[in-house]
Amino acid sequence: MSFPIVYNKYQGIKNFSKLKRHSTFQISLVAGGNLKYYIGSQKYIGQKGDIFFIRPFDLHFSTSISNQKFSLDHIEFEREIIIPDYLVKDNRF
């Protein structure tokens, strides 16, 4: 695991309309404004203070609402950060 935790901040009018997935967990905090967040087949309207939790390989994307500015902070991290290997190997997770 080369980068166990990655932090990103997005500000302005953004359109991440391309579905994506990754092998990491992701926690996103809406730090300002409003946005649409799609996780799997569910659509959510996020506003300042809302938190979204993305599991590994969940399809997701976010986009601004009516070209309004928003601010989104998120961290991505590997499973090993919260679930040790020995639990996975012993089928306890």
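The values are calculated or read from the model by the stated rules, or taken from the named source; none is laboratory data. What you see is a predicted model; the values in this text were computed from it and never measured. All Cβ positions, even for glycine, are placed from backbone atoms using ideal geometry, and neighbour counts span all protein chains on display. Surface areas here come from the heavy atoms of the whole protein model, side chains and all, with no ligands, DNA or RNA. Shrake-Rupley method; radii C 1.70, N 1.55, O 1.52, S 1.80 Å.
Want the number for residue 65 to residue 27: 0.36 nm per residue separation, take away the alpha-carbon distance, what's left? Please list the in-between numbers first.
Working: separation 38, 0.36 × 38 = 13.68 nm, distance 2.04 nm.
Contour length minus Cα-Cα distance gives 11.6 nm.
Could you check how much of the accessible area of the chain is carbon and sulfur, as a whole percent, using a 1.4 Å probe? Could the numbers behind the result be given before it?
On the way: 3240 of 6140 Å².
Roughly 53 percent, rounded to a whole number.
Per residue, how much accessible area does the chain show when a 1.4 Å probe rolls over the protein heavy atoms, in square angstrom?
Numbers: 6140 Å² over 93 residues.
On a per-residue basis, the chain sits at 66 Å².
Heavy atoms of the protein only, probe of 1.4 Å, neighbouring chains included. What is the accessible area of residue 20 in Å², nearest 10?
Approximately 80 Å² for this residue.
Test of understanding: express the Cα radius of gyration of the chain as a ratio to 2.2 N^0.38 Å, with N the residue count.
On the way: Rg = 14.6 Å, N = 93, 2.2 N^0.38 = 12.3 Å.
The value comes to 1.19.
Can you compute the modelled spin-label distance between residue 45 and residue 6, with each label point 7 Å from Cα toward Cβ, in nm?
Inter-label distance under the simple model: 3.2 nm.
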